[in-house]
Amino acid sequence: SSLVHASRRDARIVRDGKVILWPNGETYAHAGLIEVKGLGWFEEYANADSTPYVQTYNMPEVKEVYRGTLRFPGWCEMICKMQDLGLYDDRKRSFKGK
């Protein structure tokens with residue numbers, strides 16, 4: 001499903017002029033909070049690869065590039081816990097006798 005795929009994909013951002021990689025869904029462990037005036041607080045996390053925007057928008061001098069997503073608080077913690085439980089692991093398992 002698309003949720004499983006999105007929950008395991010790599011995220012790349014540019015911070016202080018350096019590319020930071022959060023592989024295999026690690027981005028959810030680096031979420032922050034942001035307030036949207038009139039709507040309240042949301043979690044924000046890096047979504048996929050931000051680095052192509054440097055070239056796409058011809059801005060080689062930028063030191064920060066961040067493509068993010070907003071979710072209601074608790075989303076990232078839930079994804080992290082589901083990852084910890086192995087629920088996004090696509091290996092075959094036997095539940096015989098369970």
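Give region 7-21 a look and list any residue that's closer than 23 Å to M82 by Cβ and part of a loop (DSSP other than H, G, I, E, B), or say none. Matches in region 7-21: R9, D10.
Checking every residue in region 22-41 against the condition of being part of a loop (DSSP other than H, G, I, E, B), of a type in the set (K, R), surrounded by fewer than 14 Cβ atoms within 10 Å (Cβ to Cβ) and modelled with pLDDT of 95 or more gives at least one match.
For residues in region 53-78 being assigned to a helix (DSSP H, G or I) and out of contact with any strand residue (DSSP E or B) (no Cβ under 9 Å at 6 or more places or on another chain), which is least open to solvent (accessible area, probe 1.4 Å)?
Checked region 53-78; the qualifying residue least open to solvent (accessible area, probe 1.4 Å) is M78.
The values are calculated or read from the model by the stated rules, or taken from the named source; none is laboratory data. Keep in mind it's a predicted model, so treat the numbers as computed, not measured. Here the Cβ is made from the backbone with ideal geometry for all residues, glycine too, and neighbour counts use every protein chain on show. To get the accessible areas, we keep the full protein, side chains included, count just its heavy atoms, and leave off ligands, DNA and RNA. Shrake-Rupley method; radii C 1.70, N 1.55, O 1.52, S 1.80 Å.
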